[in-house]
Amino acid sequence: MDTIETSPATKHPTRMDASARTTRRQWTMLTTAVLASATWPAVGYAHGERPHHQGTGPVIREQKPWGIGAAADEARRTIEIRMTDDMRFSPAHLEVTEGETLRLRAVNRGQVMHEIVIGTRDELQAHAELMRKHPNMEHDEPYMAHVPPRQRGEIVWTFNRPGDFEFACLIPGHFEAGMRGTIRVKSASRP
Ligand SMILES: [Cu+2]
């Protein structure tokens, strides 16, 4: 029998290598334990089985309540978000129309590491709690970017679900200091 998996980009991305999978398994177990009652959508594969989105791999398109990943060339609008050591994002509020694909360019103007993670308020809260308990936890998803001092990172994301969402820096201490922002995705069907 042929056991080689095919990998249509939308549903079943190629398996990641074993070492990367090991670091991610820890994250998967933690999120599974803590977020069991949260809003993870039903998907056909476990959280830890997907490859990293950055680099040359295929785009990860897993529907989340706050949208879905997109390829860099699908972005129709770029928004620059500055991150500073006073624990602020600027701008701290984004207005998006349902269906819009944005390139969020996170620019770290500070002297310390910052990150930007998109999610629902509850999801980010739970995730921040995990980060406090496990500050060295490695994680990477298409809806987050980790940005070293004086560098920039990018998220390309399709906001295909209307609603109110948030973004935050989940580095311990930063989230608590108010390093968060809001995203309103306006319904495309209503004026
Ligand atoms: Cu930060």
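Quick look at the values:
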{"item": "Rg and Dmax of segment 62-186, Cα atoms only, in Å", "result": "13.3, 38"}
{"item": "Inter-probe distance in nm under a simple model that places probes 7 Å from Cα toward Cβ, at R132 and S90", "result": "2.8 nm"}
{"item": "For segment 108-171, convex hull of alpha carbons as volume per residue, Å³", "result": "86 Å³"}
{"item": "Segment 143-191: GluC sites (Glu not before Pro) in DSSP loop, at most 16 other beta carbons within 10 Å", "result": "E176"}
{"item": "DSSP-defined antiparallel bridges as percent of all bridges, segment 62-186, nearest 5", "result": "70 percent"}
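FYI, it's all coordinate maths here, none of it is from the lab. Source: prediction; values computed, not measured. Cβ: placed from backbone, ideal geometry, glycine included. Neighbour counts: every protein chain shown.
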